[in-house]
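Everything on this sheet refers to the single structure shown next.
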2 protein chains.
Amino acid sequence: MTKRADRRGDALSKEKIVAAAILLLDAEGEGGLTFRALAARLATGSGAIYWHVADKGDLLAAATGTIITQALDGVAPDLDPRQGIRALALRLFDAIDAHPWVGAQVSREPWQPAMLRIFEGIGGRLMALGVPQPAWFDAWSVLVNYIFGVAGQNAANARLHAPDTDRSAALATIAARWAQLDAAEYPFLRQLAGPLRDHDDRDQFLAGLDLILAGIGTVR
Amino acid sequence: MTKRADRRGDALSKEKIVAAAILLLDAEGEGGLTFRALAARLATGSGAIYWHVADKGDLLAAATGTIITQALDGVAPDLDPRQGIRALALRLFDAIDAHPWVGAQVSREPWQPAMLRIFEGIGGRLMALGVPQPAWFDAWSVLVNYIFGVAGQNAANARLHAPDTDRSAALATIAARWAQLDAAEYPFLRQLAGPLRDHDDRDQFLAGLDLILAGIGTVR
DNA sequence: ATATCAATTGGAACGCCGTTCCATGAATGT
DNA sequence: ACATTCATGGAACGGCGTTCCAATTGATAT
């Protein structure tokens, strides 16, 4: 009973469709994924795509799952719990930095296997870290919310600027505006203009994660 | 030179359009806001709306700004810094809980006056809290990311379930699935099923916020 | 009062989207 | 060889954001 997958080498398959969708999303951004563009790229019609994929949500979920799974597979398994959480979070950050559209999708499919792996990856390491059981849920929840929250922010920023905009120029513009705010009304933001201009998103993400881990560490 | 605003009492205005848009968004969810539905509700045509509003993004930004500004106006100004941050965060949480579509929009317009008020509201209180200056940016950034991150999650959840779905039933379903996960692969999530089923989103948000504040408190 | 003119309106029309439908072609079982 | 199932590609549908424009309204000048 030969599987019908390779009756023809050039046959469509969900994998090929998802791969093409990822290329399209990376190249054109969230709005670039349309069934017409996808059909053109795959040299087929939209009906053929719908044979393999339920709808656009299904397609986005599959594409997101692919990226997330790849990211998770790269996490070294033999780190101590704290470094393990940092490594897991950073892999996710980097994956979403490279594919910003993932950030907008990731929270919508909390039952996906890839999500469960993340949830367990965080939680298991919290147990290993010695967090007392009554605090497990709070600690897990704040970490997950932070990690996915930053992901969503990144996605929003990517949607905001064109894919090729100069990030440091945009940042400098905002910083300049903050520096000129009224001193009586916005004393803090004026001070923040400098750090905002010079910061690195990835370092900043990690610094926040460490602050949260420090907070979790105070629970005894 | 009389302003032309009330030449006619029933004249269109950006305020009236935004108010109708908010009603529509609250009643029908994010997909419910269309220019056709809006025009029908205002008994006019889409062209008339475009005279007052640049495009759909402008409309959503204005609606979001309205909700956020209302929420901020309710924060008592005379609280100690820590309670002030909690109060500010809770007002935002409640506003987005009541209008979930705000959560998806809020990060897209970081230059809006309402956003600046939030940013300064958090930062100013961090200064008052005695956080040392080198840590200001990290502490501010983790708080802002967490608050807006949870907002985005709420929006995603609201998009996921129909507006009238029973939240506790949906939660119980997920919890039941987690409780049946493979014990070797998902030891943590199995333990988490109970707390997940019983938790309250608002309390959970606040618990996470307190953990982050505890982490910020360790910086000396 | 009337003429003039810019501000404003309402709705038709355009192009694109996700999705559905279906006539056709290709592989397989008998 | 046929019948059957799987798979394809493209036409067609309804709805969206947006643009366009003829008609109307109200303020102003005469």
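Just so it is clear, none of the values below were taken in a lab; they were calculated from the coordinates. Bear in mind that the values here come from a model prediction, so they are computed numbers and not experimental data. Here the Cβ is made from the backbone with ideal geometry for all residues, glycine too, and neighbour counts use every protein chain on show.
Tabulated results
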| item | result |
| --- | --- |
| Approximate shape of the protein assembly as shown as ellipsoid semi-axes (Cα gyration tensor, √5λ), whole Å, largest first | 34, 32, 22 |
| Local electrostatic count at B:Thr64 - Lys and Arg +1, Asp and Glu -1, tallied over other residues with Cβ under 9 Å | 0 |
| Total formal charge among the other residues, if their Cβ is under 13 angstrom from that of A:Asp80, Lys/Arg +1 and Asp/Glu -1 | +2 |
| Within 10 Å of each Cβ in A:144-155, the average number of Cβ atoms from other chains | 6 |
| Under-18-angstrom lysine pairs by C-alpha in the protein assembly as shown, whenever the two are 8 or more apart or on separate chains | 8 |
| The stretch A:77-217, dipole about Cα centre (Lys/Arg Cβ +1, Asp/Glu Cβ -1), debye to the nearest 20 | 160 debye |
| Relative contact order for chain A, counting Cα pairs under 8 Å that sit 6 or more residues apart, in percent | 17 percent |
| Share of pairwise Cα separations in chain B, more than 30 Å, in percent | 39 percent |
| Cα centroid of the stretch B:24-101 to Cα centroid of the stretch A:113-137, whole Å | 35 Å |
| The stretch A:119-210: relative contact order in percent, alpha carbon pairs under 8 Å with at least 6 residues between | 21 percent |
| Theoretical FRET efficiency, 1/(1+(r/R0)^6), r = Cβ-Cβ of B:Ala54 and A:Met127, R0 56 Å, to 0.05 | 0.60 |
| Viscosity 0.692 mPa s, temperature 37 °C, Stokes-Einstein D of the stretch A:145-220 from Kirkwood C-alpha radius, µm²/s | 228 µm²/s |
| 12 Å beta-carbon shell around A:Ile17, net charge (K/R +1, D/E -1) | +2 |
| Selected from B:Tyr146, B:Tyr50, B:Tyr186 as most flexible by GNM, with chain B as the system and alpha-carbon contacts under 10 Å | B:Tyr186 |
| Rounded, prolate or oblate (a/c below 1.5 giving rounded, otherwise prolate when a/b exceeds b/c) for the stretch A:26-153 by Cα gyration tensor | prolate |
| Two-site FRET efficiency, A:Arg220 against B:Asp198, from Cβ-Cβ distance with R₀ of 22 Å, rounded to 0.05 | 0.40 |
| Size of charge dipole - the protein assembly as shown - debye, nearest 20, with Cβ of Lys, Arg +1 and Asp, Glu -1, no other charges | 760 debye |
| DSSP H segments from chain B that extend 20 Å or more along their own axis, Cα-based, with Kyte-Doolittle mean of -1.0 or above | B:14-28, B:56-73, B:81-98, B:113-128, B:136-160, B:201-217 |
